[in-house]
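Visitor: Can you keep this structure in mind? I'll have questions shortly.
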Amino acid sequence: DVKVTQSSRYLVKRTGEKVFLECVQDMDHENMFWYRQDPGLGLRLIYFSYDVKMKEKGDIPEGYSVSREKKERFSLILESASTNQTSMYLCASTPGLAGGHSDTGELFFGEGSRLTVL
Amino acid sequence: RKEVEQDPGPFNVPEGATVAFNCTYSNSASQSFFWYRQDCRKEPKLLMSVYSSGNEDGRFTAQLNRASQYISLLIRDSKLSDSATYLCVVRITSGTYKYIFGTGTRLKVLA
């Protein structure tokens, strides 16, 4: 089974702190994503990466950065946490380049990291 | 207007009922379509892909109408375990790809 592991299930941080959220997948997937999920707003894409050291902004990248130094690991960084970044953060991965033979379309999610910023 | 719209519900139905969820999408470049299921405080998981000809998986039937930009999910003989939020997802492919999620429809199946 594909496994996507997020480093922390629950975090509590203070305003202004730097926050690292780690995500590791064990199935050699090329594509990795970071979403946040808020009530009434659904899942919104923060950043995604389709290869090592490659990253692209999603719909709400402000206040976030990412790092993908190794294929299996995609990190989300909040440089200076703010209360409006309190949310559930979900990492996902999927295999293959778009339209490639291994492209099933399925997104595999980690269990989520619930971040509270005080 | 949201790119993917769903009725948030909740849909409260008795066990054994048939329930249908609808979803509309606005981006005509959408090429792949999915229904995901999300249990409370859990991550979303793929329920089924949606194909142009329609497809069925046990008690679940998905339909796609590209002309109307409309996707549906039908659940027959509802079980208590079907209680969850159902997310409509479209994927746009252009070199890389982008998944766009609806906000979900909550289903509660009552004993």
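Rule-based calculations on the coordinates, nothing more; no lab input. Every value quoted in this text rests on a predicted model; they were computed, and no experiment measured them. Every residue, glycine among them, receives a Cβ derived from its backbone with ideal geometry; neighbour counts consider all protein chains shown.
Visitor: For region A:1-66, what is Rg from Cα atoms divided by 2.2 N^0.38 Å, rounded to two decimals? Walk me through the numbers on the way to the answer.
Guide: Numbers: Rg = 13.1 Å, N = 66, 2.2 N^0.38 = 10.8 Å.
Relative to the rule-of-thumb radius for its length, region A:1-66 sits at 1.21.
Visitor: Also: What is the mean projected area of the alpha carbon convex hull for chain B, to one decimal in square nanometres? Please report the intermediate quantities before stating the final value.
Guide: Details: hull surface 28.1 nm².
Projected area, direction-averaged: 7.0 nm².
Visitor: Convex hull volume of the Cα atoms in chain A, per residue, in Å³?
Guide: Normalising the Cα hull of chain A by residue number yields 99 Å³.
Visitor: Given the pairs B:Lys2/B:Lys108; A:Lys3/B:Lys45; A:Lys3/A:Lys53; A:Lys3/A:Lys70, which are separated by over 18 angstrom at their Cα positions?
Guide: Cα-Cα > 18 Å for B:Lys2/B:Lys108; A:Lys3/A:Lys53; rest within.
Visitor: Averaged over its residues, how many other protein chain Cβ atoms are within 10 Å of peptide A:75-87's Cβ atoms?
Guide: The shielding value for this peptide is 0.
Visitor: Within 10 Å of each Cβ in peptide B:91-99, how many partner chain Cβ atoms are there on average? Round it to a whole number, please. Write out the running numbers ahead of the final one.
Guide: Details: counts 5, 1, 5, 1, 4, 10, 9, 7, 11.
Whole-number average of other-chain Cβ neighbours for B:91-99 is 6.
Visitor: In a Debye calculation with equal point scatterers on the alpha-carbon sites of the protein assembly as shown and no solvent, what is log10 I(q)/I(0) at q = 0.11 Å⁻¹?
Guide: Taken in order of the listed q values, log10 I(q)/I(0) reads -0.56.
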